[in-house]
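Below is one structure, written out as structure tokens; comments come after it.
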Amino acid sequence: MTEPPLGLLAELTHRCPLHCPYCANPLDLVRRENELDTPTWRHILDQARDLGVLQVHLSGGEPLARPDLPEILGHAHHLGCYTNLVTSGLGLTPHRLADLIDRGLDHVQLSIQDADPATATRIAGTKAVEHKRRAADLITTAGLPLTINVVLHRANLDHLPAIIDLAEQLGADRLELANTQYYGWALRNRAALLPTPAQLAAAAPVVAAAQARSRMDIVYVLADYHQATPKPCMHGWAARQLTVTPNGDVLPCPAATALTDLPVENATHTPLAQIWYQSRSFTAYRGTDWMRDPCRSCPRNTIDHGGCRCQAFQLTGDATNTDPVCTLSPHHHLIQTILTEEITPQRPEFVMRQVTT
Ligand code: SF4
Ligand code: FES
């Protein structure tokens, strides 16, 4: 039986003040004139709550770029949902934060790029360090729980101890140290982002020590190209969460536009419940029936769900294939070739994220 979704990732806009090379949003961004309006977002939230959604992650791009963010967030709160603002911190003023808290904001996830200000500025493509410090101060002073999210890659992994210290100084309750996943724009920058095996070997004990001593809850997302078994991506396809993009496309995973053969439904045409339970895009890889060997007969298939469908498609052209990260995959050599050919002594320059306005 298909369970209802727990969470909704509401990508309110693709507009963003940063230019991060690891951005997982698609190459083609939704332009401002094609963004959903406020009543449509309210209607989507109504449907999501009816469907069972309890957590709403307001994301982007930068959700603070939407003047109607307070109204959308307030509506999610009014429906009884836990609300999480996923932000760069740019645009978060005392007044705006107070308004969001009044409307029911429960939690903030703030991104930082590095502990070293010069590298952080280079990765963000803009001066954001002081904005982020001020944003963290506002959030913690208001008593809101704060998660700091750091995307890790070759250019910042060596600074991991300082990054952990910075998150502690900023008053984070939770720290997500997430090695880069190669979707959307990040795939373009894979050779510049892939860490070296030596960097990952050095990072593991640093993370373990911090997890043992820190008052923060520290989550470490592994660099999956370097693993022997794949990540249990999305806890399985269309299992717990749905994503609505700025123009209303409804996706089983935020990167699902990578599957260029997948028909995509839009919330302005089709009810959310119908999309969740019946659409081809959501049912295609749900559960285990779609699997072929080696996953079909593998005891791990309910643990890692065969890995990531988007990665399987990107690397093999067929989403029913085992994620090539798995050493049992007949395509595993593709990962080994990428690691051998793309991790070069001289790291290539980043191609900075082109943003829409
Ligand atoms: Fe996971 Fe499939 Fe590999 Fe088994 S064969 S470990 S289910 S990806
Ligand atoms: Fe889409 Fe893994 S990123 S299923």
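Here are a few things to note about the model shown:
- The listed residue being of a type outside the set (F, W, Y) and closer than 20 Å to A167 by Cβ, out of T83, T87: T87
- All conditions but one from (1) over 23 Å from the mean Cα position of the chain (by Cα); (2) of a type in the set (D, E, K, R); (3) within 13 Å of ligand 2 (Cβ to nearest atom) apply to E342; the one that does not is (3).
- One residue stands out in the range 202-261 among those that are within 18 Å of A312 (Cβ to Cβ) and of a type in the set (V, I, T): the one that is surrounded by the fewest Cβ atoms within 10 Å (Cβ to Cβ), namely T260.
- Cβ pairs under 9 Å, 6+ apart, first in the range 209-235 and touching a residue at least 12 places away in the same chain (Cβ under 8 Å) and on the phi > 0 side of the Ramachandran plot, second more than 15 Å from ligand 1 (Cβ to nearest atom) and outside any helix (DSSP H, G or I): M234/R240; M234/Q241; M234/P252; M234/C253; M234/P254; H235/Q241
- In the range 310-323, the residues that are away from ligand 1 (no atom under 11 Å from the Cβ) and touching a residue at least 24 places away in the same chain (Cβ under 8 Å): C310, F313, Q314, A319, T320
- Strands (runs of 3 or more DSSP E) contained entirely in the range 173-290, each with at least 1 residues that are modelled with pLDDT of 95 or more, within 16 Å of ligand 1 (Cβ to nearest atom) and of a type in the set (F, W, Y): none
- Test: residue in the range 283-305 that is within 16 Å of ligand 2 (Cβ to nearest atom), within 17 Å of the chain's Cα centre (by Cα), buried (at least 17 other Cβ atoms within 10 Å of the Cβ) and not polar (S, T, N, Q): no
- Within the range 241-253, the only residue that satisfies the criterion of being within 18 Å of R66 (Cβ to Cβ) and within 11 Å of ligand 2 (Cβ to nearest atom) is T243.
- Filtered residues of the range 134-188 (kept if in contact with a Cys (Cβ under 9 Å, 6 or more places away or on another chain) and either more than 16 Å from ligand 2 (Cβ to nearest atom) or of a type in the set (A, V, I, L, M) (or both)): V151, A186
- The residue pairs whose first member lies in the range 23-52 and is closer than 27 Å to V151 by Cβ, whose second member is β-branched (V, I, T) and in a helix (DSSP H, G or I), and whose beta carbons are closer than 6 Å, counting only pairs six or more residues apart or on different chains, are P26/T257; W41/I72.
- Flag for T337 being part of a helix (DSSP H, G or I), polar (S, T, N, Q) and either away from ligand 1 (no atom under 13 Å from the Cβ) or more than 22 Å from the chain's Cα centre (by Cα) (or both): yes
The values are calculated or read from the model by the stated rules, or taken from the named source; none is laboratory data. This one's a predicted model, so the numbers in the text were calculated from it and none came from an experiment. With ideal geometry, Cβ positions are generated from the backbone for all residues, glycine too; neighbour counts draw on all protein chains shown.
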